[in-house]
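Here's the structure we're looking at; comments come further down.
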Amino acid sequence: MNHKFTLSLAVALMAGAVCGAAPVKVKHVAPNHAKNTFKMGRAMVEAPGQDKMEAGKVTVLSPKSSVAPKADINVTIAYVADQGSYILGSSIYNKESGMFHKDNTGASTVTMKVPAGTYDMFASYISDYSEVYYVFREEVEITADTTITLAQSEATTPINIRTVDHEGKPLYMPVYNAQYQMVDEGTAEDFSSASFFILNGYGSVTTVLGGGYKYQGHDTDFFVNNVSSRYKLCEMREIGIGEVYWFNKYVVEDLSKPTTVTNDPSRFAQYNQKFEQTPEWVDYPENHVPGYYMSAMYNNYCLMGQQSYIPWMPTEDFTTKFYIDMPEEADGDNTFNMTVKPLMGEYMEEDTWDGYTEYYYTFTRGQQVMGDADGVKFVAAGYDEYGNFNAPEGEYRSQFYPGNPAFSYGLDETEGDIVMGAACPINSLRADAYEDGGYEYVDLYYNYVGRYGELRDADYYSYNVWVDEQALDGDLYEMVFNNENVLVDGIEGKNVTTIRFHQDAADHIAPTLQMLEFRRDGKVTDRMETPKGAVMNFAGGDFVSHFDSWNWSGYLTWQPATATAAYAPTGTDSWTDLEVVEDQSKFYMPGFGQYFSASLGDVEGEDEWFDVKITLTDQAGNTQEQVISPAFYVKNNYTAINSVKVGNTTVKVVDGSIVADGAVEVFTMDGRRVDSSNLGHGIYVVRVNGKETAKVAL
């Protein structure tokens, strides 16, 4: 087999040929966000596999038409629009044959060929005032050519969704009269929503993207006809004032009666996410704009992602500020969930045309969060919410919720403040392989992932990120990915990822690291008071891409790899091996693979940063080695005691308690007195008989 390898940042392009042991040609390609995206003002929407229709201030998305076998029956939809309204389109669908869809053609009827079967269907309309109408027919048996009338006048049931902030104040955009004059300036400055009509057991049948503006006397969100309990309306919504945003999830279960749903302000949870800028872009204050990326899922599968940012309002404190009321819906059938990623701009490009300048931002994307007043949860889905990484085996749809539970965490499971971007990242390197014209093409995607699961997209544009390559002995080839766009606590850092692979072997894809975190006493942190009770957890494996070039998507399967790890004081090569243990109970697919841990309890050092080296080797002898520098910090390193002399008294540790032949008082390092029994790992001050003291570590 002949091979071609390319290096892709976000979209696969082809480069030079590789035959035998000839050098691999690497091509650096700028990310292409045009695929499956479009822009709404300052929002970018990802809607893979859906058709777009624009009408007034509303954008409607419907699943793409499917081509089913023996589609030989003509179903004609007859439209009847009210005066001042016009047709958006119609769809016919069932679980067996998928969806058939027609946009408005300007005619009063459209005809679609479908197989015989029982179908649901709808026609959609919009008024001059951007009110959206849906007329459904349910469980219609189609056995012969037929004409079905779906008149707008049937949709008489109003459905409204309203938002208030955490203090109960209404949040809404400006209101206009029939002459398009503003009559109410509103209370909000930014609004974005995605509303999904969901058929239980089928999924979303249509999506409406709203812009929030209303017309006086025409403020109804949707009109529907009498729809059964088989359907529900779900919506994700963001509303912003200045640099503060509110995010809500709504579910309307009963569409058979007029309904107005308003969120409960007491359910909001406040979460502000702090970011740290990378050295390449820290001196570009105009780039540091806050933003958000909200995603919706049905039955754990992605429905849509939508991005908003504030280009005219760079942050001064590098913090995104938001409130969420997005309770997690438990696993089960017909569940709807949403998450939000906080963003912070790093890299920016300008594009000027016809005297107008548009700004394109690339972000550090924080870990996605969900929840409400009952608790905030970070959902670890890895680097690629909408691609192969999160597609289950045999599928092409992304399933990035509920995420990997081993790397997901709540706010109460972190030690200290969470700062995104304040660590040296790992390189989560993915390879997509496919055949074309007698060659095998392998597209390499490097993805830099921070310690809390944040994605450092701007590293793709950094001059301090580059790739070296060389042919080694025989068919062995090497690529070294260097990322020196790293500054951690004033230390110039780097990630060096080296892959070595045998080009002529049946398996010539190196294994890869996918996630790395540090925990101490179960809490996520890479800055440790002491190494006692600290562990390093990481995931990875040898992944095989099953890629469909027709839709530029696919899924990954997994093969086992072995792992080794070592640590060294930062900037040295004085490596000390760590004992790596695989926990097969925490294996997770899609995307993550094997789960490994290594205890850091015996690390020796004080007030010091340490590097980590992780090596993965697959069964064919291909390897990936990553050096993460710096990786973790140790503040204090006192030797844990069994017994110690404090003055003339012997102090002992027995089953986590400090005991002595005398009066014992125990204090934390910040001066708080604590009970001397059932102590956790940490540094303590012990005072005996009211006078002699000593520091001890458990």
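Here are some notes:
- Strands (runs of 3 or more DSSP E) enclosed by the stretch 213-261 - at least 1 residues per element that are basic (Lys, Arg), within 26 Å of the chain's Cα centre (by Cα) and surrounded by 18 or more Cβ atoms within 10 Å (Cβ to Cβ): 231-241, 244-252
- Scanning the stretch 397-447 for residues that are of a type in the set (Ser, Thr, Tyr), surrounded by fewer than 19 Cβ atoms within 10 Å (Cβ to Cβ) and in contact (Cβ under 8 Å) with a residue 60 or more places away in the chain gives THR414, TYR434, TYR439.
- Hey, TYR323 within 16 Å of the chain's Cα centre (by Cα) and of a type in the set (Phe, Trp, Tyr) or not: no
- For GLU608, the conditions (1) open to solvent by 50 Å² or more (accessible area, probe 1.4 Å); (2) free of Cβ contacts under 8 Å to residues at least 60 places away in the same chain; (3) farther than 27 Å from GLY493 by Cβ are fulfilled apart from (3).
- Filtered residue count, the stretch 85-98, keeping only those that are touching a Ser or Thr at 6+ places or on another chain (Cβ under 8 Å) and either modelled with pLDDT of 90 or more or β-branched (Val, Ile, Thr) (or both): 7
- For beta carbons closer than 8 Å, sequence separation of 6+ or different chains, a first residue in the stretch 106-118 that is at positive phi and a second that is assigned to a strand (DSSP E or B) and not aliphatic (A, V, I, L, M), the qualifying pairs are GLY117/ASN94; GLY117/GLU141.
- Residues that are open to solvent by less than 40 Å² (accessible area, probe 1.4 Å) and aromatic (Phe, Trp, Tyr) within the stretch 348-396 comprise TYR361, PHE363, PHE378, TYR383, PHE389, listed in sequence order.
- Scope the stretch 483-495; condition open to solvent by 30 Å² or more (accessible area, probe 1.4 Å) and not small (Gly, Ala, Ser); matching residues: GLU484, LEU487, ASP489, ILE491, GLU492, LYS494
- Selection count where residues are over 16 Å from PRO279 (Cα atoms) and in contact with a Gly (Cβ under 7 Å, 6 or more places away or on another chain), scope the stretch 444-474: 1
- Evaluation of ALA188 against (1) more than 28 Å from ALA373 (Cβ to Cβ); (2) not in a strand (DSSP E or B) (one fails), failing number: (1)
- SER124 touching a residue at least 60 places away in the same chain (Cβ under 8 Å), closer than 24 Å to PRO258 by Cβ and assigned to a loop (DSSP other than H, G, I, E, B): no
- Any hit, the stretch 369-387, residues being without any contact (Cβ under 8 Å) to a residue 12 or more places away in the chain, out of contact with any Pro (no Cβ under 9 Å at 6 or more places or on another chain) and of a type in the set (Val, Ile, Thr): no
- Residues being surrounded by fewer than 19 Cβ atoms within 10 Å (Cβ to Cβ) and small (Gly, Ala, Ser) are represented in the stretch 318-335 by at least one member.
- Qualifying residue in the stretch 561-574 (condition: assigned to a strand (DSSP E or B), open to solvent by 60 Å² or more (accessible area, probe 1.4 Å) and of a type outside the set (S, T, N, Q)): no
- Test result for MET348, over 29 Å from LEU233 (Cβ atoms) and in contact with a Phe, Trp or Tyr (Cβ under 6 Å, 6 or more places away or on another chain): yes
The values are calculated or read from the model by the stated rules, or taken from the named source; none is laboratory data. Owing to the predicted nature of the structure, the values given are computational and were not obtained by experimental measurement. With ideal geometry, Cβ positions are generated from the backbone for all residues, glycine too; neighbour counts draw on all protein chains shown. Accessible surface areas use protein heavy atoms only, side chains included; no ligands, DNA or RNA. Shrake-Rupley method; radii C 1.70, N 1.55, O 1.52, S 1.80 Å.
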